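A short write-up of the structure that comes next.
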Amino acid sequence: MLLSRRQMVGGVVAAGATTFGAAPAEAQALGVGGTAPLFRMPHPGQPVATRPTPMVAAAPRPVVPARARVAGDARVNPLLVAAARASFDRHRSHLRQTDTVAIVDFNKVSAEPRFYLLDTNSGRVSAHLCSHGRGSDPAHTGFLQRFSNAPGSLATSEGGYVTSEYYSGRYGSSMRVRGLDWTNNNAESRAIVIHPAWYAEPSHLAQHGRLGRSEGCFALPYASLREALSRLGPGHFLYASRA
């Protein structure tokens, strides 16, 4: 069966890009370098037929969805990146800065770095330790068992956040966050923040095999907190969940 040029070109469908920055061109996303001619012309010296000999159309190449640049880092679950991008798009109007995005993978145990800072321009990723709330892990297993948005739950809340102002609190320099979803819209009233903590330090992990628990806050090592505060100024996006 012969295919028209429209049919040949139409066989390639571009998948939606999942980058946090500008989406790549469809041809770049799919790796398409052009289409083959529909007809093969005769070699010099061969008799010219009344019409060129048709080529047999090759089977269409499988469509490979475009992937987020940050998903190239094996430490970041691509399913979580996709969920974060969807949340980022929903809440874009609340964000003033988009150069850096934070993603927290609570599918990982607290002994693993799971607080990611993603540069949306270069795709560079840095990974950090992060505690979860004691209400999310009552038995202190190191694994987050449940999310909760309820006041007094002492649990970690799931969803998208926008970073707010810096302040100096119980643990020193910290940052407030505001929940953007029904699953975390009590974050401000619950005083959920990003702060440093001794129980989130690598030395605590080395001694106990897991981090200590917060009261629902994103508790980081002091060195990691400094990087987070410098890159996540007010108006940035943070997404916490598990894929």
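Odds and ends about this structure:
- Only one of Arg213, Arg231, Arg176 that is crowded, with 16+ Cβ neighbours inside 10 Å, within 22 Å of Asp89 (Cβ to Cβ) and not β-branched (Val, Ile, Thr): Arg231
- Selection from region 105-144 of residues that are of a type in the set (Lys, Arg) and either within 19 Å of Gly209 (Cβ to Cβ) or modelled with pLDDT of 95 or more (or both): Lys108, Arg114, Arg134
- Single condition Thr156 does not satisfy, out of (1) in contact with a helix residue (DSSP H, G or I) (Cβ under 7 Å, 6 or more places away or on another chain); (2) outside any loop (DSSP other than H, G, I, E, B); (3) of a type in the set (Ser, Thr, Tyr): (2)
- Some residue of region 158-172 being more than 20 Å from Pro196 (Cα to Cα), of a type in the set (Lys, Arg) and surrounded by fewer than 17 Cβ atoms within 10 Å (Cβ to Cβ): no
- Counted as qualifying within region 165-243 are the strands (runs of 3 or more DSSP E) with 1 or more residues that are touching a residue at least 60 places away in the same chain (Cβ under 8 Å) and of a type in the set (Gly, Ala, Ser), namely 218-220, 237-241.
- Any hit, region 105-116, residues being surrounded by fewer than 20 Cβ atoms within 10 Å (Cβ to Cβ), without any contact (Cβ under 8 Å) to a residue 40 or more places away in the chain and assigned to a helix (DSSP H, G or I): no
- Condition check for Pro138: over 12 Å from Ile192 (Cβ atoms), in the same structural domain as Pro234 (by TED's automatic domain parsing) and without any contact (Cβ under 8 Å) to a residue 40 or more places away in the chain: yes
Yes/no per residue for (1) closer than 24 Å to His94 by Cα; (2) under 21 Å from the mean Cα position of the chain (by Cα):
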{"site": "Val125", "(1), (2)": "yes, yes"}
{"site": "Leu144", "(1), (2)": "no, yes"}
{"site": "Asn149", "(1), (2)": "yes, no"}
{"site": "Ala155", "(1), (2)": "no, no"}
{"site": "Glu158", "(1), (2)": "yes, yes"}
{"site": "Tyr166", "(1), (2)": "yes, no"}
{"site": "Leu180", "(1), (2)": "yes, yes"}
{"site": "Glu188", "(1), (2)": "yes, no"}
{"site": "Val193", "(1), (2)": "yes, yes"}
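- Condition check for Ser126: part of a loop (DSSP other than H, G, I, E, B) and surrounded by 15 or more Cβ atoms within 10 Å (Cβ to Cβ): no
- Inside region 145-172, residues that are of a type in the set (Ser, Thr, Tyr) and either modelled with pLDDT under 95 or farther than 16 Å from Asn186 by Cα (or both) make up a count of 4.
- Each residue in region 184-198 was checked for being surrounded by 24 or more Cβ atoms within 10 Å (Cβ to Cβ) and farther than 18 Å from Val104 by Cα, and 0 of them qualify.
The values are calculated or read from the model by the stated rules, or taken from the named source; none is laboratory data. Here the structure is a predicted model, which is why all the values come from computation and not from measurement. Note that each Cβ is placed from the backbone with ideal geometry, even for glycine, and that neighbours are counted across all protein chains shown.
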